[in-house]
Amino acid sequence: MAGKKSIGIFDSGFGGLSVMKGILKELPQYDYVYLGDTARVPYGTRSKNTIYRFTRQAVDFLSQKNCGLIILACNTVSSEALWKIQHEYVPQKHGGEKVLGVLIPAIEEALKKTKNGKIGIMATNATVKSKAFFKKTKKIDSRMKIFQVACPALVPLIEAGRYNSPEMDEALRKYLKLLSGKEIDTLILGCTHYGIIEGKIRKIIGQRLSVISQSKIIAGKLKNYLDRHPEIEKSLRKNKRRVFYSTDPTDNFGNLGSKFLGEKIKVQKALL
Ligand code: DGL
């Protein structure tokens, strides 16, 4: 199978595993390389330039690991770096790799779900500040009303494995309160880490709202993309091989990752 490529999945840390879990369920036949930049997470508090620099390094790494299709399974990266990676960095420095983000799939799904045109978005500071969700949604349908809330406390708690802590409950209630009274009928979990605590979020907001979680939708969108691009599909290796890299491969990452994915994972050190 010389020349065949893997699918790379990149996140600042642990959150991209929520997207990978959905992808592995729907498309188990391919080879995957996961990279979490856990030594430098969270990205959500960093500047655009830094996020772009870290993303270039991640793309270089995944390209060296023979990934021909790279999913930036991080909203912060998709908001702040995707465009330049797709239009400048990869064409100039690399060439063949296809790089996909996670914002548009979530927006398209929210537009299908909303009935009153009021959409809430929970995301990191950087994603909210970039207004990427806001601009991209408005571009598709200018009638939409978008309410964003930055939730900086959530990623560090998730990375530490403290999903079920009182601090998590308190933080979620505080952030979701900021959306009450806005009459949203659809809520986008605009950070892949939040897919891991979707159950908790649903418990607080109740059944009335549609919740858009990339952990559920990216797999279907990827399948659709590969159906529309048979030349890319044919170039992918199909040995069901999964390799996990972290820039700080602690036991925590391996244990939480294994628990979350439901299979024992071995995490190797990535030097970016
Ligand atoms: N998982 C990432 C996202 O989707 C961000 C987490 C971070 O702040 O690093 O936005």
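Of all residues in segment 23-47, those satisfying the criterion of being crowded, with 20+ Cβ neighbours inside 10 Å and in contact with a Gly (Cβ under 9 Å, 6 or more places away or on another chain) are Y32, V33, Y34, L35, G36, D37, T38, V41, P42, Y43. Selection of first residues in segment 113-131 that are touching a residue at least 60 places away in the same chain (Cβ under 8 Å) and of second residues that are among the basic types (K, R) and near the ligand (Cβ under 10 Å from one of its atoms), restricted to Cβ pairs under 7 Å at least 6 apart or on distinct chains, gives the following pairs, ordered by first then second residue: A126/R46. For K115, indicate whether it is in a helix (DSSP H, G or I) and either among the basic types (K, R) or closer than 27 Å to N224 by Cα (or both). No, not satisfied. One residue alone among I9, I85, I71 is without any contact (Cβ under 8 Å) to a residue 40 or more places away in the chain and buried (at least 22 other Cβ atoms within 10 Å of the Cβ), and that residue is I85.
Results for (1) basic (K, R); (2) within 17 Å of the chain's Cα centre (by Cα); (3) surrounded by fewer than 21 Cβ atoms within 10 Å (Cβ to Cβ), shown as yes or no for each residue.
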{"site": "L154", "(1), (2), (3)": "no, yes, no"}
{"site": "S165", "(1), (2), (3)": "no, no, yes"}
{"site": "E170", "(1), (2), (3)": "no, no, yes"}
{"site": "K177", "(1), (2), (3)": "yes, no, yes"}
{"site": "H193", "(1), (2), (3)": "no, yes, no"}
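Might you check whether a residue that is at pLDDT below 95, part of a loop (DSSP other than H, G, I, E, B) and crowded, with 18+ Cβ neighbours inside 10 Å occurs anywhere in segment 92-100? Yes, segment 92-100 has at least one match. A Cβ distance below 6 Å, combined with a sequence gap of six or more or placement on separate chains, defines the contacts here; from segment 139-153, residues that are within 16 Å of the ligand (Cβ to nearest atom) reach residues that are among the hydrophobic types (A, V, I, L, M, F, W, C) and part of a loop (DSSP other than H, G, I, E, B) in the pairs V149/L178; V149/L179.
The values are calculated or read from the model by the stated rules, or taken from the named source; none is laboratory data. Just so it is clear, the structure is predicted and the values come from calculations on it, not from any experiment. In this analysis, Cβ positions are derived from the backbone assuming ideal geometry, glycine residues included, and neighbour counts consider all displayed protein chains.
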